[in-house]
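Novice: Below you'll find the structure I mean.
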Amino acid sequence: MPVLLILAITGGIYLFKSEIEQFMYQDFYQVEAQGQAIPPSKQIETVMDRYPEAKVDRYRPGEDTHRSVEVGISNDSSSLTVFVNPYTGEIVGELNDEERLMNKIEEIHGELMAGTTGDRMVELAACWAIILIVTGIYLWWPKRNEILWGIVLPRFSKGKKVLRRDLHAVPAFWISATARLNKKS
């Protein structure tokens, strides 16, 4: 359960990666649109002039006209993201990739910050979660003609054991149904 809880929380946070990073790094992300952008090769050339020993790993153009370009570079000791103004070629800022919050969240989510052992624990927990879901649906599935009672409404007159089961299953049904409806809209 603790592993699944960690995965749920970090996964939920990671869903909002772009919004969180936009807020945290707005000084690096925001640029003023100034006509025509310079070619990507010139933007990368500017980065290579500043970091001649580095190797370019990635290039990510901005999503809109007010967004900087990200150029990922690495050398023997570190990996950086360099933010470039696509209109002037000016370097707006840089971030060490190992210090970015969302990279830490991804590391916690993917391997519990424990390397290969953590990765195996995450995979094992995910597999067991699937087994728990399948067996939970089997135990929950109504017997005979009890479609309404026990799924949509709890059965109050069937004894304590059945009532405890229904007080677990009925809210789960409604929460799942609500989550499905919210996901579609």
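The values are calculated or read from the model by the stated rules, or taken from the named source; none is laboratory data. Just so we're clear, the structure is a prediction, and the values are computed from it rather than from any experiment. Ideal geometry is used to build each Cβ from the backbone, glycine not excepted, and the neighbour counts take in all protein chains shown. Side chains are part of the model used for accessible areas, which takes the heavy atoms of the whole protein and leaves out ligands, DNA and RNA. Shrake-Rupley method; radii C 1.70, N 1.55, O 1.52, S 1.80 Å.
Novice: Could you check how many residues of the range 19-33 are acidic (Asp, Glu), within 18 Å of Asn96 (Cα to Cα) and open to solvent by 80 Å² or more (accessible area, probe 1.4 Å)? Walk me through how you get there before you give the answer.
Specialist: Let us first name the residues in the range 19-33 that are acidic (Asp, Glu), namely 19, 21, 27, 32.
Cutting the leftovers down to within 18 Å of Asn96 (Cα to Cα) gives us 21, 27.
If we keep only those that are open to solvent by 80 Å² or more (accessible area, probe 1.4 Å) too, we end up with 27.
So the count comes out to 1.
Novice: I've got another one for you. Right, Gly159: touching a Pro at 6+ places or on another chain (Cβ under 6 Å) and either loosely packed, with under 11 Cβ neighbours inside 10 Å or more than 30 Å from Arg50 (Cβ to Cβ) (or both) or not?
Specialist: Numbers: touching a Pro at 6+ places or on another chain (Cβ under 6 Å): no; either loosely packed, with under 11 Cβ neighbours inside 10 Å or more than 30 Å from Arg50 (Cβ to Cβ) (or both): yes.
So Gly159 does not fit the description; no.
Novice: Same structure again: Take Glu21 and tell me if it is in a helix (DSSP H, G or I), within 30 Å of Ala126 (Cα to Cα), among the charged types (D, E, K, R) and without any contact (Cβ under 8 Å) to a residue 24 or more places away in the chain. Please lay out each step first, then the result.
Specialist: Numbers: in a helix (DSSP H, G or I): yes; within 30 Å of Ala126 (Cα to Cα): yes; among the charged types (D, E, K, R): yes; without any contact (Cβ under 8 Å) to a residue 24 or more places away in the chain: no.
Spelling it out, it is not the case that Glu21 is in a helix (DSSP H, G or I), within 30 Å of Ala126 (Cα to Cα), among the charged types (D, E, K, R) and without any contact (Cβ under 8 Å) to a residue 24 or more places away in the chain.
Novice: Find all pairs meeting these conditions: Cβ atoms under 7 angstrom apart; at least six residues apart or on different chains; first residue within the range 148-168 and of a type in the set (A, V, I, L, M, F, W, C); second residue assigned to a loop (DSSP other than H, G, I, E, B) and open to solvent by less than 70 Å² (accessible area, probe 1.4 Å).
Specialist: Trp149/Arg155; Ile151/Pro142; Val162/Arg155; Leu163/Pro154; Leu163/Arg155; Leu167/Pro154
Novice: Related question: Give the range 63-75 a look and list any residue that's in contact (Cβ under 8 Å) with a residue 24 or more places away in the chain and either in a strand (DSSP E or B) or at positive phi (or both), or say none. Full working, then the answer.
Specialist: If we filter the range 63-75 for residues that are in contact (Cβ under 8 Å) with a residue 24 or more places away in the chain, which is where we start, we get 65-69, 71-73, 75.
Correct list: Arg67, Val69, Val71, Gly72, Ile73.
Novice: Can I ask one more? Under 9 Å between Cβ atoms, at least 6 apart or on separate chains: pull out the pairs that start in the range 39-62 with a residue that is within 14 Å of Leu80 (Cβ to Cβ) and end on any residue that is of a type in the set (Ser, Thr, Tyr) and modelled with pLDDT of 90 or more.
Specialist: Filtered contacts from the range 39-62: Ile44/Tyr59; Ala54/Ser74; Lys55/Ser74; Val56/Ser74; Asp57/Ser74; Asp57/Ser79; Arg58/Thr81; Arg60/Thr81.
Yes/no matrix, rows are residues, columns are (1) of a type outside the set (A, V, I, L, M); (2) more than 22 Å from Leu15 (Cα to Cα); (3) surrounded by 12 or more Cβ atoms within 10 Å (Cβ to Cβ); (4) in contact with a Ser or Thr (Cβ under 8 Å, 6 or more places away or on another chain):
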site	(1), (2), (3), (4)
Gly35	yes, yes, no, no
Thr46	yes, yes, yes, no
Asp64	yes, no, no, no
Leu80	no, yes, yes, yes
Phe83	yes, yes, yes, yes
Arg100	yes, no, yes, yes
Met121	no, no, yes, no
Trp141	yes, yes, no, no
